[in-house]
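Novice: After the structure tokens below, expect a handful of questions from me.
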Amino acid sequence: MQFGASLDVRFDESVEEFVRFLGEQGLSHVELRKGYLDVRSDSPSPDRLRRIADDHGVTYTVHMPHRDCNLGNQNERLRRASVEAVEESLDLAADIGAGGVVVHGGSVRTRYPERAQEHGREQAVRSVRECVSYAEEVEVPVCLENQRDKASSRRNTAVPDRLAAFVDDIGIDSEFFRFTLDVGHAKATGVSYEGFVERFGDRIHIAHLHDNDGTGDDHDPLPEFRAVADEIGAEYNVFEMKSLEDIRRCVS
């Protein structure tokens, strides 16, 4: 069981500086977010990332780009571009020996008519199938994440029943199709993370650890993270914090 943190786009530190900081906190895992890597002028090559991992004894997971990247996009060309963005993340993960790629399962605006809702969900099912097929080729798990539900947006993975129905429609049973359980998203949606553990526990590969007051996705520190992680049993446990100080607050 590995513990670490997500390299958020807000952070100014380089990957190696972030890894050193995590080591000082007793943490040994980094989730590389494409949103961070895509905007860095000093984004390290896969060779450099492998050397950092070897030098510092850290493991990696990768998070797909998610801003403006919707696997349930209504437009076929944009849907396909989103799949290609996940495939690029999978290629990076394979190059650096990462343990998995976190993927969002798509969404549709709730104000859209039913036909658009159904079409968007069908698009998302197709997309995840394609992503899992590619994951099998490169032998890196796709880890479908429960997203926070919003009044303005219906997300395909927000609650256990909806996630289960979505996975049933995807119809793939593969060692390279697994889950990311985000405990903060569950709380902000109004469901318990334990419900996801009961339903998908043996396939939860990554846990995202943060807290909120139940009214918003605030990504607050979660000092009781070890008890939560023990309940989930994921291989990789990732603090999703907005600052380095919040990571310190978790582990202290």
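The values are calculated or read from the model by the stated rules, or taken from the named source; none is laboratory data. Predicted model, so just to flag it, every value in this text is computed and none were measured. Every residue, glycine as well, gets a Cβ built from its backbone with ideal geometry; the counts of neighbours run over all protein chains shown. Note: areas computed on protein heavy atoms with side chains; ligands, DNA, RNA excluded. Shrake-Rupley method; radii C 1.70, N 1.55, O 1.52, S 1.80 Å.
Novice: Which pairs turn up if I take residues in segment 63-76 that are of a type in the set (Lys, Arg) and look for partners that are at pLDDT below 95 with beta carbon separation below 8 Å, at least 6 apart in sequence or on another chain?
Specialist: Cβ pairs passing all conditions: Arg67/Gly35.
Novice: Only one of Glu139, Glu114, Glu130 is under 16 Å from Asn70 (Cα atoms) and either polar (S, T, N, Q) or over 16 Å from the mean Cα position of the chain (by Cα) (or both); which?
Specialist: After ruling out the rest, the residue left standing is Glu130.
Novice: In segment 223-246, how many are touching a His at 6+ places or on another chain (Cβ under 7 Å) and open to solvent by 10 Å² or more (accessible area, probe 1.4 Å)?
Specialist: 4
Novice: So, Gly195, is that one surrounded by fewer than 20 Cβ atoms within 10 Å (Cβ to Cβ), of a type in the set (Gly, Ala, Ser), over 17 Å from the mean Cα position of the chain (by Cα) and over 26 Å from Gln25 (Cα atoms) or not?
Specialist: Values: surrounded by fewer than 20 Cβ atoms within 10 Å (Cβ to Cβ): yes; of a type in the set (Gly, Ala, Ser): yes; over 17 Å from the mean Cα position of the chain (by Cα): yes; over 26 Å from Gln25 (Cα atoms): yes.
Here the answer is yes, as Gly195 does meet what is asked.
Novice: For the structure I just gave you, tell me whether Arg67 is open to solvent by less than 40 Å² (accessible area, probe 1.4 Å) and closer than 28 Å to Ser152 by Cα. Working first, answer last.
Specialist: Details: open to solvent by less than 40 Å² (accessible area, probe 1.4 Å): no; closer than 28 Å to Ser152 by Cα: yes.
No; evaluated as a whole, the condition is false for this residue.
Novice: When only residues in segment 30-50 that are under 16 Å from Gly99 (Cα atoms) and assigned to a helix (DSSP H, G or I) count, which is most open to solvent (accessible area, probe 1.4 Å)? Quick ask: steps written out before the conclusion?
Specialist: Our first condition is that a residue be under 16 Å from Gly99 (Cα atoms); within segment 30-50, this holds for 30-34, 46, 49-50.
Among the residues that remain, those that are also assigned to a helix (DSSP H, G or I) are: 34, 46, 49-50.
Numbers: Lys34: 20, Pro46: 44, Leu49: 1, Arg50: 88 Å².
Looking at the filtered set, the residue picked out is Arg50.
Novice: Here is a check on your reading of the model: is Phe176 open to solvent by 10 Å² or more (accessible area, probe 1.4 Å), of a type in the set (Phe, Trp, Tyr) and closer than 21 Å to Val30 by Cα? So that I can check it myself, show each step before the final result.
Specialist: On the way: open to solvent by 10 Å² or more (accessible area, probe 1.4 Å): yes; of a type in the set (Phe, Trp, Tyr): yes; closer than 21 Å to Val30 by Cα: yes.
For Phe176, the condition - open to solvent by 10 Å² or more (accessible area, probe 1.4 Å), of a type in the set (Phe, Trp, Tyr) and closer than 21 Å to Val30 by Cα - is met.
Novice: So, in segment 8-42, how many residues would count as being under 15 Å from Met241 (Cβ atoms), in contact with a helix residue (DSSP H, G or I) (Cβ under 8 Å, 6 or more places away or on another chain) and either at pLDDT below 95 or of a type outside the set (A, V, I, L, M, F, W, C) (or both)?
Specialist: 6
Novice: Filter segment 73-87 for residues that are over 15 Å from the mean Cα position of the chain (by Cα), of a type in the set (D, E, K, R) and surrounded by fewer than 20 Cβ atoms within 10 Å (Cβ to Cβ) and give the result.
Specialist: Glu76, Arg77, Arg80, Glu84
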